[in-house]
Amino acid sequence: MPDQVELLRRLIVLDSVNPDLVPGGSGEAAIADYCAGWLAERGFEITWLEERPGRPSVVAVARGSGGGPALMLNGHLDTVTLAGYDGDPLAPRVEDGRLYGRGAFDMKSGLAAMMTAAARAVAAGPLRGDLLVCCVADEEHSSAGTEEVLRGFSADAAIVTEPSHLEITLAHKGFAWFDVVVEGVAAHGSRPDLGVDAIAKAGHFLVAIEEWGERLAAGPAHPLLGRGSVHASLIRGGEEASSYPAACRITVERRTVPGERPEAELAAILDRLAATVPGFAYRLEPGLRREPFEADREAAIVRTVLAQAEQVLGRPPVIRAEPFWTDCALLAGAGIPCLLVGVDGGGAHAATEWVELDSLDRLTELLTRTIWEFCS
């Protein structure tokens, strides 16, 4: 059995459900310990990062002989829930060229490929540049692991090995979350002279969100990512049937492409409502924001991966963009040119998850070639 397949099997057996997604989830400690041991046995220097107890990340470094650029490989240790999985999610099985199990696609396959490729590249002879293998916590929730890594480590380029069907991802959308609290006045339901219905006032804002989304859908499109979008995700308001609600809280998600300013757009909408709707008052509470990502196609790492992918695949690789957010944006924001490439398969976050084993072999070869070409 190829090294990367056996390693993937061992990683899937280790429960690494993100406890921020599933209260009581196992977290990344066991799988981080395994990855650290595996890489240490192959000569890597190990740094254990654990600002959040029980949520460790591992950075394994192979020091180069000098004079070459440093390359960072990044993959996340955590998975989504095991609940609802069809069969035993921690019992990997191979069938018809596929390996099944929770995390097989998203993204323990990427971990297995980058660890195996790094070990092979280092074993074949000294590299001039440093090679960093970052196995990070918490990507599925808030990416605390990569943020922690970037506070102590950097590189001249990076590759994130999230699944991409062996296509080269050079851009992805960002997102911004906002809570808009539409304010009313609490009163007994029999006293309309005293009460202001926050839920009814919020209806004006919900209509404005729909109109905002329609404007975005009709606006200019990014060449890879298309258009941004917006939707209302959650709404909470009221206490009981016989009272005017004092507040209505609406959570809004805005998916962004490069160059957009969602805060300014939202503030303008709310200010217009406050000026035109009698009794409309609001409080805006910005939440988590993650920037969109777009790689420079002329960056050395992009040109290297595209050239090596063509050799491995026997054809020019497909260039793609993702609608979802990844750690690429954090790496790029730290000044590290990067891209994303990973395996083929399916079932991310679903009841059945698998990786196409041929794609795992190809990804491992692509990464091995890239390390040698970039770091030598």
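The values are calculated or read from the model by the stated rules, or taken from the named source; none is laboratory data. Keep in mind that what you see is a predicted model, and the values were worked out from it rather than measured. Quick reminder, even Gly has a Cβ in these numbers, built from the backbone with ideal geometry, and neighbours come from all protein chains shown. These area figures cover heavy atoms from the full protein model, side chains too; ligands, DNA and RNA do not enter into them. Shrake-Rupley method; radii C 1.70, N 1.55, O 1.52, S 1.80 Å.
Here is a yes/no grid of residues against (1) among the basic types (Lys, Arg); (2) closer than 30 Å to Pro69 by Cα:
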| position | (1), (2) |
| --- | --- |
| Asp96 | no, no |
| Ala123 | no, yes |
| Val133 | no, yes |
| Val136 | no, yes |
| His188 | no, no |
| Arg191 | yes, no |
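Pairs linking a residue in segment 49-60 that is at positive phi to a residue that is assigned to a loop (DSSP other than H, G, I, E, B) and at pLDDT 95 or above, with Cβ atoms under 7 Å and 6 or more positions apart or on different chains, are Gly54/Gly27.
Going through (1) part of a helix (DSSP H, G or I); (2) over 30 Å from Ala198 (Cβ atoms) one by one, Arg297 falls short only on (1).
Results for (1) without any contact (Cβ under 8 Å) to a residue 40 or more places away in the chain; (2) of a type in the set (Gly, Ala, Ser); (3) buried (at least 23 other Cβ atoms within 10 Å of the Cβ), shown as yes or no for each residue.
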| residue | (1), (2), (3) |
| --- | --- |
| Gly287 | no, yes, no |
| Phe293 | no, no, yes |
| Arg303 | yes, no, no |
| Leu306 | no, no, no |
| Arg315 | yes, no, no |
| Leu330 | no, no, yes |
| Ile336 | no, no, no |
| Leu340 | no, no, yes |
| Ala348 | no, yes, no |
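Close Cβ contacts (under 8 Å, 6 or more residues apart or on different chains) running from residues in segment 153-170 that are under 19 Å from Leu224 (Cα atoms) and touching a residue at least 24 places away in the same chain (Cβ under 8 Å) to residues that are among the acidic types (Asp, Glu) and open to solvent by 10 Å² or more (accessible area, probe 1.4 Å) comprise Glu162/Asp106; Pro163/Asp106; Pro163/Asp344; His165/Asp344; Leu166/Asp344; Thr169/Glu162; Leu170/Glu294. When restricted to residues that are out of contact with any helix residue (DSSP H, G or I) (no Cβ under 7 Å at 6 or more places or on another chain) and either part of a strand (DSSP E or B) or open to solvent by 20 Å² or more (accessible area, probe 1.4 Å) (or both), segment 171-210 contains 25. Using the structure shown, decide if Ser65 is modelled with pLDDT under 95, more than 19 Å from Ala158 (Cβ to Cβ) and hydroxyl-bearing (Ser, Thr, Tyr). Yes: the conditions hold for Ser65. When restricted to residues that are in contact with a Phe, Trp or Tyr (Cβ under 7 Å, 6 or more places away or on another chain), among the charged types (D, E, K, R) and assigned to a helix (DSSP H, G or I), segment 70-126 contains 0.
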